[in-house]
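The next block holds one structure in the form of structure tokens; read it before the comments.
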Amino acid sequence: MKIGIITQARATSTRLPAKVLLTAAGRTFLEYHLDRLVATGLPVIVATTTNVDDDPIVELSEKAGIPVFRGSEQDVLSRFAGAASQYGLDGVVRVTSDCPLIDAEIVASGVDRWRAENDENLYLSNCLERTFPRGMDYEVFSASRLLEADAKATLPADREHVTPYLHQNRPGDVRLLNLAWSGGGSQYRLTLDTEDDRLLLTALLEDHHASTLDCADLVAKLAEHPELAALNAHIEQKKLGE
């Protein structure tokens, strides 16, 4: 069974334009993100758009040796389905490129659990209930269920956000499994969505060697330095459909 990670990336983000191409300590946030994904040992695919604005994402990904799929900007579900089909995936791990410090071991352990369950109707995630910091999120599901969602989902939110058709169990036979974490830190934001998020991530990367830290280390670092966590503590996560 071929299981691969598909990460979505685009330059036309509204809150912080071209956010994944911004830099900290001399590297783009996208490069940090891809390094983390490659460390899982799984194939990695960048799913971006056909917009010319996203040419730099393609160039950076290909320079890193990461294959790319280009598709619709708004219909992200079709983009994921196209990527899974083009690269012959049987199982899909969905992540988003605004997670430059995502923990490779956490993702890999989720994939191991999904594989062990041996159930193509299983949707497994670590964010059905929030126990991890934002920025550690992943989802795992079969390519067959992804292609079914692409064929049948009609709600705009389902097309834009890829997986609601599955995790809302619209077909009625999807089995949901949340892998929780007891390490704490669910109140923290290690995701890149706003300028204040960028300030925190930049401080972590430039002053605290965050590129070498796993999730537990990052949570401990923020607990040690509440002034860092305060940089983006006020940011509200965008709701589904916004």
Matching residues in region 25-55 - criterion: being in a helix (DSSP H, G or I) and either within 24 Å of SER78 (Cα to Cα) or of a type in the set (Val, Ile, Thr) (or both):
LEU30, HIS33, LEU34, LEU37, VAL38, VAL52, ASP53, ASP54, ASP55
Of the residues in region 192-223, how many are out of contact with any Leu (no Cβ under 7 Å at 6 or more places or on another chain), acidic (Asp, Glu), in a helix (DSSP H, G or I) and closer than 19 Å to THR96 by Cα?
1
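Yes/no matrix, rows are residues, columns are (1) assigned to a loop (DSSP other than H, G, I, E, B); (2) free of Cβ contacts under 8 Å to residues at least 40 places away in the same chain; (3) surrounded by 18 or more Cβ atoms within 10 Å (Cβ to Cβ):
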| position | (1), (2), (3) |
| --- | --- |
| CYS99 | yes, no, yes |
| VAL107 | no, no, yes |
| ASP112 | no, yes, no |
| ARG115 | no, no, no |
| GLY184 | yes, yes, no |
| GLN187 | yes, no, no |
Kindly indicate whether any position in region 205-212 is under 18 Å from ARG36 (Cβ atoms), crowded, with 21+ Cβ neighbours inside 10 Å and not aromatic (Phe, Trp, Tyr).
yes
Name the residues in region 1-24 that are touching a strand residue (DSSP E or B) at 6+ places or on another chain (Cβ under 9 Å) and part of a helix (DSSP H, G or I), would you?
VAL20, LEU21
Taking the residues in region 28-64 that are over 18 Å from the mean Cα position of the chain (by Cα) and touching a residue at least 40 places away in the same chain (Cβ under 8 Å) as candidates, determine which candidate is farthest from GLY91 (Cα to Cα).
ASP53
Inspect all residues belonging to region 136-150 and state whether any of them is loosely packed, with under 15 Cβ neighbours inside 10 Å, more than 26 Å from ALA216 (Cβ to Cβ) and either of a type in the set (Val, Ile, Thr) or modelled with pLDDT of 95 or more (or both).
yes
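The values are calculated or read from the model by the stated rules, or taken from the named source; none is laboratory data. Given the structure is predicted, the values throughout are model-derived calculations rather than measurements. Ideal geometry is used to build each Cβ from the backbone, glycine not excepted, and the neighbour counts take in all protein chains shown.
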